[in-house]
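The values are calculated or read from the model by the stated rules, or taken from the named source; none is laboratory data. From a predicted model like this one, the values you see are computed outputs, not experimental measurements. Using ideal geometry, Cβ is built from the backbone for each residue, glycine included, and neighbour counts are taken over all protein chains shown.
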Amino acid sequence: AKSFIDKLANGINPLNDTPIPDDDIANNVRLSRCFFYVSDILRQVYENGGVTKPKRAPKIPFSVSVEQLDNFEYSADPISVTEIAKRICAMAENEKMEKVSYRQINQWLLNIGMLYLHDFGGKKPVKRPTEEGNQIGITVETRMGRYGEYQVVLYNEEAQRFILDNLEAVVATEAKKGKSYEVATNDSEETDD
């Protein structure tokens with residue numbers, strides 16, 4: 001099929017190897033470009049063992065050495081869970097390794113009772129620290145953005161260390177993307193407005 005397409009792209013009749021007349025539709029410049037394009041696709045399919053795209057190799061599980069953990073950049077100022085996840089992933093030297101996501105960290109903290117989901121009445125539930133979470137250094141801070149005030153959950157150095165000390169459990173946690181969570185309420189939390 002590729003050799004026939006190549007001949008058509010070059011203005012040659014693939015059945016008898018004679019030049020296609022200039023006024024023949026098969027010799028149209030736009031069709032010729034299409035034939036070259038199809039020829040390249042067929043080449044790629046052939047080189048990939050009959051499939052259009054090469055299969056991606058599965059990612060290897062996330063892991064870091066003790067030495068790499070010792071090099072984690074703890075922040076003296078409280079930082080977000082997204083920043084913690086970025087710093088953890090920066091420690092991995094292999095690009096083919098799975099990443100640790102902020103969702104995994106949040107899910108693990110929800111699972112062990114350091115965070116809970118608070119419903120503000122009709123709005124999307126938000127994560128807030130439990131009393132145990134507050135004790136290890138998870139706090140909520142009100143900030144001003146371009147759309148007004150918002151609250152962000154932050155992790156002080158002690159909370160960062162708690163997450164890193166339990167990184168193996170975090171990595172083993174499946175992040176529940178797009179799934180509903182059971183929403184808890186904790187009316188004693190002063191950070192919930």
Scope segment 96-115; condition modelled with pLDDT under 95 and part of a strand (DSSP E or B); matching residues: 97
Give the residues of segment 65-95 that are acidic (Asp, Glu), part of a loop (DSSP other than H, G, I, E, B) and at pLDDT 95 or above, sorted by residue number. 77
Is it fair to say residue 27 is over 30 Å from residue 166 (Cβ atoms) and in contact with a Pro (Cβ under 8 Å, 6 or more places away or on another chain)? yes
Check segment 47-61 and report whether any residue there is touching a strand residue (DSSP E or B) at 6+ places or on another chain (Cβ under 7 Å) and outside any helix (DSSP H, G or I). yes
